[in-house]
Structure formats: C-alpha cells, structure tokens
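Following: one structure in structure tokens, then a few remarks.
The values are calculated or read from the model by the stated rules, or taken from the named source; none is laboratory data. Every value quoted in this text rests on a predicted model; they were computed, and no experiment measured them. Cβ coordinates were reconstructed from backbone atoms using ideal geometry, including for glycine residues, and neighbour counts include every protein chain displayed. The accessibility values were calculated without ligands, DNA or RNA, using every heavy atom of the protein model including side chains. Shrake-Rupley method; radii C 1.70, N 1.55, O 1.52, S 1.80 Å.
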Amino acid sequence: MNRDFKAERERLVKRLIEEGFLRDKKVIEAMRKVPREEFVPENLRNSAYTDTPLPIGYGQTISAPHMVAMMCEYLELKVGDKVLEVGAGSGYHAAVIKEIVAPENAENPGHVYTIEIVKELAEFARKNLEKTSYSKHVTVFCGDGTLGLPEYAPYDKILLTAAAPKIPPPLIEQLNPGGVLVAPVGEPHFYQTLKKLRKHFDGKTEVFEVCGVAFVPLRGKYGWKI
Ligand code: SAH
C-alpha cells in the first residue's frame, strides 16, 4: 500500500508544535511543505517522518526534524536572507530554509548556499534538491565549509550541522553585522552545546548557549582531526 506521506508530515508537524519545538509560523509552514521522504535513501522512505536522525551513508545522518525546526527558529530566518549552511548532507535542511527565505512569489527572495565536504553527499544533496525543484534558490558546493564561502559573503545567517571544536573564525568574519550563526560546539561522539552567536552592528559578537545536542563531528581545517 502506498503511504500517505503528506498526512504523516502533517502529524509530525502537529507533534512538534505540541512538544514546543515549533513556534514560528514561517518555520511551521516550511516544515509542512518539504517532503523529507525525498531526502532520505530509498530504503528509509517509510521512516521519513519518525523524529530521529537517519543514516545517509558515509557515516553521516540527516538531522532529526525537531533539530531542523529548532535551528531554523534560533536563526531568526526571514524572507530575503542570504544563508550559508556548513554540512549539506541530504539537502533537507537547506530546502526547509529555502521555503522561509525564498518563498514562492517573494519579491526579494533570499538564497541558501550549502557546502558539503563529502563529494558523494554533495552530489546526493544536489540531486535531491533538483528533483524537488529547490535548486533555483539553493546552491550546493563541495569543499571545506569551515573556511566558509568567501565568494558570496557576507551572509545574514550561518548554520553548522556538524559539531565543531569551536566556531570557525572565517565563519564569524563572513557573517553580516546584525547576523546570527548557530552551531553545535563540543567533543565528537558525545553531547555538545548548541551555540547561538549574534554579530552586532558594531562588529562585536555575543554567544548564547541554547541546549544540549548530538551531532556528527565537523571535519576540515577548523574541525576535528579524526
Ligand atoms: N544538514 C544536513 C545534515 C548533514 S550531517 C541534512 O539536512 O541532511 C552533517 C554533514 O556535515 C555531513 O554530511 C558531513 O559530511 C558534513 N561535514 C562535516 N564537516 C564538514 C566541513 N568541514 N565542510 C562541509 N561539510 C562538512
């Protein structure tokens, strides 16, 4: 029997609202739209709407929906934002962000730049975003995201979807004054702290600790050497 993914998605969103993970209307609408089943490996489609991370190969995972929702809320995303994501993985989180910063018919659509260090996953994300028609406002790059993407900087919002030893300095540099960066920071294969950094208009930064999280380790120049 064919599963009704749309109904499963609605149920998940409703649960995330009840559990307090989803509050912002824009994020709720975005989570309602993006078909997570199109961003997981074929054999895991039936698990697309369980609220857990799922393996996407190469030792990596697509984040749990509640984590995607929370990070989107902490980023204070709005229409027109230029966003940099470090860790494209499946492309799902980038698609959710696209729905918020570049919704259909926006006069001033934003853009999502997402960078992935594993070549095969960059390709996986690209394919998933193409088949779901997100490619116009989401661009996937393959490389070390700890160096940022200076060609398109500065960014209004930056997120890391892998745990860093500390927030990579190039990313703070590439953040617009007034911008927000959200990143898990802490030891690999253990719990980390989700941090939210705000860059003020005078260039000064302020960091808040949000909650405990568990992410795959960040690699690259400012990542873990494992
Ligand atoms: N946002 C993803 C979650 C991916 S998990 C999604 O929605 O599916 C984190 C990803 O970060 C992994 O794919 C991993 O390969 C990638 N990664 C780790 N270190 C990186 C780095 N330095 N630059 C870019 N990507 C990195």
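Could you work out the helix-only [θ] at 222 nm for the chain, with each DSSP H run of four or more residues adding -39,500 (n - 2.57) and the total divided by the number of residues, to the nearest 500 deg cm²/dmol?
Working: 6 runs with 61 residues, N = 226.
Computed mean residue ellipticity for the chain: -8000 deg cm²/dmol.
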task: Report the relative contact order of the chain, percent, no decimals, based on alpha-carbon pairs under 8 angstrom and at least 6 residues apart.
output: 15
field: Per residue accessible area of the chain, 1.4 Å probe, in Å²
entry: 47
field: Distance in nm between pseudo-label sites at Y152 and E29 (7 Å out along the Cβ direction from Cα)
entry: 2.2
- prompt: If you bin the C-alpha pair distances of the chain every 5 Å from 0, what whole percents do you get?
  reply: 1, 7, 16, 20, 22, 18, 10, 4, 1, 0, 0, 0
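Say R0 is 41 Å: what FRET efficiency, to the nearest 0.05, do K166 and N2 get from their beta-carbon distance?
Working: r = 47 Å, r/R0 = 1.14.
Efficiency, rounded to the nearest 0.05: 0.30.
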- line: For the pair V210 and W224, the simple spin-label estimate (label points 7 Å beyond Cα toward Cβ) gives in nm 2.0
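In segment 66-213, carbon and sulfur make up what percent of the accessible area (probe 1.4 Å)? It would help to have the intermediate numbers written out before the result.
Details: 3210 of 6150 Å².
Here it works out to 52 percent.
Only sites in a loop by DSSP and with at most 14 other Cβ atoms within 10 Å count here; which GluC sites (Glu not before Pro) in segment 58-165 make the cut?
Numbers: sites: E73, E76, E85, E99, E104, E107, E116, E120, E123, E130, E151; in loops: E76, E104, E107.
Answer by residue number: E104, E107.
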- line: In degrees, nearest 10, the alpha-carbon axis of helix 65-74 is tilted away from the dominant principal axis of the alpha carbons of the chain by 40
- request: Can you list which of the chymotrypsin sites (Phe, Trp or Tyr not before Pro) found in segment 24-122 are DSSP loop residues with at most 15 other C-beta atoms within 10 Å?
  value: Y58
Spatially proximal lysines relative to K98 (Cα-Cα < 17 Å; intrachain offsets below 8 disregarded): K25, K26, K33, K78, K82, K127, K131, K136, K157
- request: Using only Cα atoms, locate the centre of segment 7-63 and the centre of segment 67-93, then give the distance between them in Å, rounded to an integer.
  value: 14
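Ignoring the sites themselves, what is the longest stretch of the chain with no trypsin sites (Lys or Arg not before Pro) in a DSSP loop and at most 13 other beta-carbon atoms within 10 Å?
On the way: sites that count: R3, R23, K78, K136, K166, K204, K221, K225.
It works out to 79-135.
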